1. Can Val234 be described as crowded, with 24+ Cβ neighbours inside 10 Å and at pLDDT 95 or above?
2. Based on what the data block shows, is Thr22 on the phi < 0 side of the Ramachandran plot, in contact (Cβ under 8 Å) with a residue 40 or more places away in the chain and within 16 Å of the ligand (Cβ to nearest atom)?
3. Test Tyr195 against the criterion of being under 26 Å from Thr158 (Cβ atoms), buried (at least 20 other Cβ atoms within 10 Å of the Cβ), over 18 Å from the mean Cα position of the chain (by Cα) and not aliphatic (A, V, I, L, M), and give yes or no.
4. Would you confirm whether any residue within the range 252-261 is more than 25 Å from Ile37 (Cβ to Cβ) and of a type outside the set (Asp, Glu)?
5. Residue under question is Tyr197, and the condition is that it be touching a His at 6+ places or on another chain (Cβ under 8 Å) and touching a residue at least 24 places away in the same chain (Cβ under 8 Å); does it hold?
6. Which of the residues that make up the range 167-182 are closer than 16 Å to Ile256 by Cα and away from the ligand (no atom under 16 Å from the Cβ)?
7. Residue check, Val252 against (1) over 14 Å from Cys316 (Cα atoms); (2) at pLDDT 95 or above, all met but one. Which one?
8. Could you please give the count of residues in the range 205-248 that are among the hydrophobic types (A, V, I, L, M, F, W, C) and within 16 Å of the ligand (Cβ to nearest atom)?
Amino acid sequence: MTNIKPLRIAGVGYCVPETVITNQDLTQLYDTSDEWIYTRTGIKERRVVSGNETAIDLGFKASQSAMKKSGFKPEDIDCIIGASSAPPQLYPTMASTLQDKLEIPNNVPAFDLTAACTGLIYALQVARGFIGAGIYKTILIVASDNNSKITNWDDRGTSILFGDGAGAMVVTEATDGVDDILSLKISANGTIGEYIYTDMPGQNCPLVTPNDKVGDGKIHMNGKEVYKFAVTTVPKYVEECIAASGMKSEEVDYLIPHQANQRIIEAIQNRLKYSDDKVISNIKYYGNTSAASIPIALVEGVEQGKIRLGSTAVLCGFGAGMTWGAAVVRLREGIC
Ligand code: UT7
């Protein structure tokens, strides 16, 4: 590849809602226990929106924070990519609504992509293509998921897992020539798409034969198969992505994985032979926040002193589709 412009990660932000739902709280809904949930998933509590708060509100605050860190102003952004599988509306897209709220000029393109929990990595690859080709210069990526609205709260097998949250990233052409993406791969396998699905509700035109299957708009998941898929596919993939960056596993400073299950995180950690201090996990407090989980873990990791900037990290995501992806990135000083 020639003449590909390098990308700089300029700012990262996040936002989680205030309301905390503990495992103990969930015992009011069905027969479960803190011990069962914690030992199988590593989750103790999750955050959920309350009242009229939406993924857009969370995405707005995450974007403001990422833009502030980046030093870019709304008028500098020339493309907005939303990554969401649980937005408040199918359209207008979350990205379009945020363009208005953030006062980003109303002629720049704004669209959402759906790659479930791999959304941030997919969006980063799309942004990399745009910047690399010189089509857009400075892109706002907003990953925000309001999972609590599409969770089936009668299903103890899935509703224990998910939480709400948002992360945002401003990426721009690296004018110093240093590319912050050392390697990035995304993949999908639609053959096993039924492992996690959310069917849209709705009926056919009343003048034709009605459809039998009316979706309920809720998350359905075959947890065992997703678990097996994740522990067999993702660790090897992450290792391959690191190899593609030209680095050795031990040279990468941090693993910042999608937060789906502590045992899945440990499977990746074991493959890379990383000590605990190199692995960022906050699933205990937020559960699975889908596309937002990686940027939340990154920024919180910096805030809590677990991540030192001026370092490198491997990010990885996986989820419905099935989709998965990984990236080895440079984390410059001052990005969060
Ligand atoms: O971004 C990707 C998102 N998804 C994932 O990463 C999901 C990956 N999968 C998982 O994390 C695990 O499959 C779960 C944590 C969701 C479930 O753990 P499991 O060990 O696969 O449990 P299971 O669904 O096979 O259920 C085992 C038993 C069942 O009882 P019986 O049939 O053996 O009597 C369930 O009814 O545990 C029961 N069970 C529960 N018991 C107490 C299921 N959910 C609960 C619960 N509390 N919340």
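1. yes
2. No.
3. Judged against the criteria, Tyr195 is a match.
4. The answer is yes; a qualifying residue exists.
5. Judged against the criteria, Tyr197 is a match.
6. The answer is Ala168, Met169, Asp180, Ile181, Leu182.
7. The single condition Val252 does not satisfy is (1).
8. Summing the residues that are among the hydrophobic types (A, V, I, L, M, F, W, C) and within 16 Å of the ligand (Cβ to nearest atom) in the range 205-248 gives 8.
The values are calculated or read from the model by the stated rules, or taken from the named source; none is laboratory data. Every value quoted in this text rests on a predicted model; they were computed, and no experiment measured them. Cβ coordinates were reconstructed from backbone atoms using ideal geometry, including for glycine residues, and neighbour counts include every protein chain displayed.
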